[in-house]
Amino acid sequence: MSDNKKYFPALNDIMTAEHTLGEILSATPLIHNRTLSERYGAEVMLKREDLQVVRSYKIRGAYNKIRSLSDEQTKSGIVCASAGNHAQGVAFSCNKLGIKGKIFMPVTTPKQKINQVKMFGGKFVEVVLAGDTFDQANAAAMQACELEGKTFIPPFNDEKIIEGQGTVGLEVLQQSRAAIDYIFVPIGGGGLASGVGSVIRQMSPQTKIIGVEPAGAAGMKLSFERGEVTTLDHIEKFVDGAAVQRVGDLTFDVCREVLDDIVVVPEGKVCTTILELYNFDAIVVEPAGALSISALDYYRDQIKGKNVVCVVSGSNNDIVRMEDIKERSLLYEGLKHYFVVSFPQRAGALQNFVTNVLGPNDDITYFEYKKKTNREKGPVLIGIELQNPDDFAGLTERMQANSIDYQYLNDNPTLFEFLIG
């Protein structure tokens, strides 16, 4: 490839990657989902990359890249930086190929993820905890490559990585019994969207390819709007499998050619999708794994009566996050509301609030009160859960009618984060 020619994944290279991955992987299933199909009046199928051996698609790109290295490179060893799925894919590949690897992870990485990486890597992988953020861990990994002469395995901005991820698209087309009208693909750094998008664009040009990003890390969307790769000043890290500050230069160029649209989904909506998948279908996904399904609401009219595929990218979700997921979902759905209420410091004040302000289906789920001496009123941090979002108007009307002195926190992000977050 000449320097002045932009890279675009070739089908024969992706097919070669598919052959390479056949050494270790079987195709993940493409499964019809009745719940979603009935909800949207469409034929909705889920590409279940959450069922991979490392519970995400990342194994595809990692193995394809590592398998392409020269004997000299493999003897010297490899390095990567990751706080999650890429690390597990690299670790698994090192173990299978007998290659020594160093995996740099932030000190703040949950112990469960560190243990998973160690388990997949076995004696071939050394986990190094460095820095408090991914960027700091990544800098340490790059330094190790220079000092120790090792090869760096990037998470997305690499031709072999993209081609490995593209095998997801090949499998979808091989498994689908009907022509696909829409395919929804999550975007983090852009490796999966680039790979899958390039296959679909070349082999099924009538298919609409929709990329999906979390609202707190919509780097590809912003880069599209500005016409160049743009680094985000700040990201919301909750959808950790898709929260990157800067998408790849290679992936940006490919995505510009293959994507028909990018949908940006609020993190709270992602949480609602996670809970619905678990409650209705017993499917456990990580936040990034729920992105593609979360986007269906934004295409409700367009997909009616159509054949739709959603790529479920992974299921590495720590159970300790479930309370946070439920909380974020309730906030997004308008069912959870927080207030700072100034209660008169007298007997019966709380009883009056419960009796005259709360509706019959409202529930106090959070209450924190600190009595102030020599004060007529004391502040209370209170959380109220509703059964229906429409009940909120009645709640605030009754607070005003009873002359309740309050400050609403949900629409005050700074104060909310300080008091609740």
Simple spin-label estimate for residue 302 and residue 318 in nanometres, 7 Å along Cα-Cβ: 3.6 nm
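Report the net charge of residues surrounding residue 124, where surrounding means a beta-carbon distance below 12 angstrom and charges are Lys +1, Arg +1, Asp -1, Glu -1.
Net charge in that neighbourhood comes out at +4.
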Average silhouette area of segment 160-314, convex hull of alpha-carbon atoms, in square nanometres: 8.8 nm²
Magnitude of the charge dipole, segment 334-419, Cβ model with Lys/Arg +1 and Asp/Glu -1, debye to 20: 580 debye
Kirkwood Rh in Å, taken over all unlike Cα pairs in the chain: 23.2 Å
Partner aspartates and glutamates for residue 5 [C-alpha distance under 18 Å; skip if fewer than 8 residues away on the same chain]: 13, 158, 159, 163, 228, 249, 253, 257
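Counting other C-beta atoms within 10 Å, and keeping those with at most 13, which DSSP coil GluC sites (Glu not before Pro) do you find in segment 290-376?
Taking segment 290-376 and a limit of 13 other Cβ atoms within 10 Å, the loop GluC sites (Glu not before Pro) found are 376.
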Anisotropy class of segment 334-419 from Cα gyration tensor, a/c 1.5 cut: oblate
Proximal lysines to residue 100, defined as alpha-carbon separation beneath 20 angstrom and excluding residues fewer than eight positions away on the same chain: 58, 65, 75, 113, 118, 123, 150, 160
Segment 78-149: relative contact order as a whole-number percent, Cα under 8 Å and 6+ apart: 38 percent
Most to least packed among 390-402, 128-140, 232-244 [average Cβ atoms within 10 Å]: 232-244, 128-140, 390-402
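Sequence gap at least 6, Cα distance under 8 Å: using those rules, report the relative contact order of segment 334-419 to the nearest whole percent.
Relative contact order for segment 334-419 comes out at 43 percent.
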Listed residues 179, 153, 142: farthest to the positive end of the dipole of segment 142-191 (Cβ charges): 179
Taking segment 275-373 and dividing mean pair separation by its residue count, relative contact order in percent (alpha carbons under 8 Å, at least six apart): 23 percent
Lysines whose Cα lies under 26 Å from that of residue 306, excluding same-chain neighbours fewer than 8 positions away: 47, 208, 221, 269
Antiparallel %, DSSP beta bridges [both residues in the chain], to 5: 45 percent
Highest-first arrangement of 340-346, 88-94, where packing means the average Cβ count within 10 Å: 88-94, 340-346
Peptides 16-22, 152-158, 208-214 ordered by average Cβ neighbours within 10 Å, highest first: 208-214, 152-158, 16-22
In segment 295-343, the trypsin sites (Lys or Arg not before Pro) that fall in loop regions by DSSP, at most 15 other Cβ within 10 Å: 304
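Each reported figure results from applying straightforward, stated rules to the coordinates on display, with no laboratory input. A quick note: this is a predicted structure, and the numbers were derived from the prediction, not measured. Cβ: placed from backbone, ideal geometry, glycine included. Neighbour counts: every protein chain shown.
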